[in-house]
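Quick notes on the structure that follows.
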Amino acid sequence: MKIINPKTETATNVVLLTLWGECRGEIFRGKRGVASVIWNRALKETKKSSINMVDALKKVCLAPHQFSCWKNGNTFLQQDLDPSSDAFFDCDCITSSMINTAVLGSGTFQPIFDATFYHVTSCHPYWADIFIKIEQIGNHIFYKEK
């Protein structure tokens, strides 16, 4: 198992690894759902600070206790990364679209909804009842703030 240190990774790689780690087994729309959460959180981050969108995407992915694929925002445990798989291709395409849109200020990435939270269907976190459920896609349920 290779341990990846996010401090040495680009924003592009951090977003790609986050999508891979969080939703590689989901259908394309499910991957877009997780990407939308990342995007919407990053957009909020740029509005409350002077951070640019690319840096905000990385910051959001590495925020403590937010994405389970990052161990407290410090390390990514690369167990089954498969760059030749269709799932990796999906994650790579979505990531490229997100980064290009963030850099150019316009582009092909559009969030599919305004969700800023999600969880897997196998659990019900304490916060789920205080947000508005938007949609379930595969093994993830997506929410927005009230």
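Here are the numbers for this structure:
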| read-out | value |
| --- | --- |
| Dipole in debye (nearest 20) - the chain, about Cα centre, beta carbon charges: Lys, Arg +1; Asp, Glu -1 | 460 |
| Calculated FRET value between Val103 and Asp82, using beta carbons and R₀ = 30 Å, to 0.05 | 0.65 |
| Gained length - Asn139 relative to Phe89, 0.36 nm times residue gap less alpha-carbon distance | 16.0 nm |
| Size of charge dipole - the range 86-146 - debye, nearest 20, with Cβ of Lys, Arg +1 and Asp, Glu -1, no other charges | 220 |
| Compactness index (Cα Rg / 2.2 N^0.38 Å), the chain | 0.98 |
| Dipole of the range 3-102, positive direction: furthest Cα of Trp20, Pro6, Phe89, with charges on the beta-carbon | Pro6 |
| Stretchable slack from Ser50 to Thr121, in nm (0.36 nm times residue separation minus alpha-carbon distance) | 22.0 nm |
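Read-outs: derived from the displayed coordinates by stated rules, not from any lab. These numbers come from a predicted model, not from an experiment. We place every Cβ from the backbone using ideal geometry, glycine too, and count neighbours over all the protein chains shown.
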